[in-house]
Structures are given as C-alpha cells and as structure tokens.
Amino acid sequence: MLTFILSAVAVILVTIGLVKLIDKFIPTKLKPVLNILLWALIVFLGYQTWNSVTGPIKFNKIKNKRYEVVIKSLMDIRDAQLAHRQVTGRFTDNFDNLVKFIDTAKFTITQRTDSQIIDEELTARYGGVETMKDTVIIDTLGFKPVKDSLFKNSDRYKTMMNVPGVENVKFNLQSGFIEQNDINIPVFEASVKKEVILHDQEKDLVMQENQIVSVDGVNGDALIVGSMDEVKTIGNWPKTYGVTKK
C-alpha cells in the first residue's frame with residue numbers, strides 16, 4: 001500500500017510538471033484539451049491515493065462492528081452447548097435439537113453436605129465398636145429451567161444459529177468425541193468464514209484479513225468457538241472483541 005501511495009504521489013507530481021511544460025511549449029490551440037486531460041488524471045490519482053488510505057480504515061471499522069455481533073451469537077451457542085453437555089453428557093450438532101433442549105431442559109439444583117456414617121465393615125472387624133467414615137451426601141433441592149438460567153426473558157437463542165447481517169446463512173455446527181487416556185471426551189465447534197461476514201467488502205481487503213497473524217486480531221479465515229481437534233470451548237478471537245471464557 002505504501003508503495004502504491006508513493007508511486008501515485010510521484011505520478012501526480014510528474015503530471016503537474018507536464019502541465020507546466022505544456023503551458024510553456026505546446027501550441028495554444030492544444031493547451032485546453034491537454035490541460036483538461038492532465039488535470040483529470042491528477043484528480044483521479046488523488047482520489048485513488050485518498051481511497052487507498054481511508055479504505056482500510058473504513059474496512060476495519062465495519063469488520064470490528066460485525067465481528068462483535070457475530071461473537072455474541074457464538075458465545076450464546078457455546079453457553080447453550082455447555083448446558084447441553086452438563087445435562088446430557090454430550091454436545092449436539094443440530095440447532096433444532098439445541099433450541100428444543102433450551103425450551104424444555106432443566107438444571108438439577110443440588111446441595112452437597114459432608115457427613116459421617118458408620119463403617120459397618122470396620123465396626124464388625126473391631127468387635128462391634130462403632131467406627132465412622134467420611135461421606136458426602138448430595139440432596140436434590142429442585143430444578144431450574146435452562147432457558148431461565150442462560151437467557152432469562154430473552155428468546156434470542158431461537159435465532160442464534162443465524163449469522164448476523166447475512167441472509168439465509170447459518171453457523172457451521174459440529175460435535176463429537178476425542179479420546180484421551182482411554183476416555184471419550186465430548187467436543188464441539190461452531191464457526192463461520194470471514195468472507196461470509198464480510199461478503200460485501202473489497203475482496204483484496206478480505207483476502208488480507210484471512211491471512212492475518214496478530215495478537216490483537218482474529219487469526220485464520222473464520223471465527224470459531226470450540227474445536228473438533230482438541231478439548232476446548234473458547235473462541236479464537238482476542239479479548240478486545242469479547243470474553244473468551246471456557
């Protein structure tokens with residue numbers, strides 16, 4: 001970009017120089033036409049130079065605004081998936097099932113109490129002398145709807161599968177298991193390509209965004225929460241865009 005700007009400025013300066021030469025050496029009859037053409041060229045190059053500077057700035061503002069909205073939806077999907085795993089023991093790859101789960105499922109409210117009870121085996125071994133052992137008593141106190149816990153009075157979970165600002169496009173949702181130490185651990189991933197979010201922006205700037213590698217940026221060509229390759233439920237965006245809690 002810097003090379004282009006310097007080149008454009010150089011061409012503008014050369015063109016201005018040509019205007020002055022034309023004014024001095026070219027016959028009077030030809031001067032008006034050539035002057036108009038050269039000034040038009042100066043205006044065009046000036047516009048291109050200005051646009052090369054302001055274009056990326058406008059792009060970044062639009063990108064950041066759209067990313068923030070998309071990330072909110074991804075966080076809702078993540079929270080819904082974590083609730084689904086807590087209740088069912090696994091994630092889901094179907095949005096209809098996830099919405100139905102939120103509408104109908106309930107968290108179990110329990111109370112954990114440390115206590116002691118008679119250890120019958122040791123009591124018998126010691127000839128009837130009561131011997132106690134530590135235990136944990138878990139009492140069920142009641143149930144609370146998942147919907148109330150996660151979304152309170154909002155029904156935004158019913159549209160969380162739709163990519164904000166893009167008609168008829170849903171997030172890609174996957175789920176499965178990863179085996180670690182002979183244990184199958186549930187995993188999920190929700191994602192959308194950057195080119196989908198930025199579908200109406202300049203292609204060259206979108207391509208540059210896909211290749212970005214930065215601490216303050218979203219690396220890669222998509223916004224993603226979770227992973228199908230490792231056990232994690234965080235997003236691939238930095239904290240400047242939103243919370244990346246597990």
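The values are calculated or read from the model by the stated rules, or taken from the named source; none is laboratory data. Bear in mind the structure is a predicted one, so any value in this text is a computation, not a measurement. Don't worry about glycine lacking a Cβ; one is built from the backbone with ideal geometry, like all the others, and counts go over all protein chains shown. Each accessible area value is taken on the protein alone, full model and side chains, heavy atoms only, with ligands, DNA and RNA left out. Shrake-Rupley method; radii C 1.70, N 1.55, O 1.52, S 1.80 Å.
Just checking, which of 108, 135 is outside any loop (DSSP other than H, G, I, E, B), more than 30 Å from residue 235 (Cα to Cα), of a type outside the set (A, V, I, L, M) and at pLDDT 65 or above?
Matching residue, one of 108, 135: 135.
Go through region 146-231 and tell me which helices (runs of 4 or more DSSP H), entirely inside it, have 1 or more residues that are of a type in the set (Phe, Trp, Tyr).
Once the helices (runs of 4 or more DSSP H) in region 146-231 are filtered for at least 1 residues that are of a type in the set (Phe, Trp, Tyr), what remains is 146-151.
Across region 197-229, what is the total count of residues that are open to solvent by less than 40 Å² (accessible area, probe 1.4 Å) and either more than 15 Å from the chain's Cα centre (by Cα) or among the β-branched types (Val, Ile, Thr) (or both)?
Result for region 197-229: 6.
Results for (1) touching a Phe, Trp or Tyr at 6+ places or on another chain (Cβ under 7 Å); (2) more than 27 Å from residue 84 (Cβ to Cβ); (3) not polar (S, T, N, Q), shown as yes or no for each residue.
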site: 174; (1), (2), (3): yes, no, no
site: 188; (1), (2), (3): yes, no, yes
site: 195; (1), (2), (3): no, yes, yes
site: 208; (1), (2), (3): no, yes, no
site: 218; (1), (2), (3): yes, no, yes
site: 226; (1), (2), (3): yes, no, yes
site: 229; (1), (2), (3): no, no, yes
site: 241; (1), (2), (3): yes, no, yes
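In region 158-177, which residues are touching a residue at least 40 places away in the same chain (Cβ under 8 Å), within 17 Å of residue 79 (Cα to Cα), of a type outside the set (Gly, Ala, Ser) and open to solvent by less than 80 Å² (accessible area, probe 1.4 Å)?
Selection gives 160, 161, 162, 163, 171, 173, 174.
Can you say whether residue 180 is in contact (Cβ under 8 Å) with a residue 60 or more places away in the chain and open to solvent by 30 Å² or more (accessible area, probe 1.4 Å), as far as the supplied structure shows?
Criteria not met by residue 180.
What are the residues in region 138-147 that are surrounded by 12 or more Cβ atoms within 10 Å (Cβ to Cβ) and either of a type in the set (Gly, Ala, Ser) or at pLDDT below 90 (or both), if any?
Step one: filter region 138-147 for residues surrounded by 12 or more Cβ atoms within 10 Å (Cβ to Cβ), giving 144-147.
Listed by number, the residues that qualify are 144, 145, 146.
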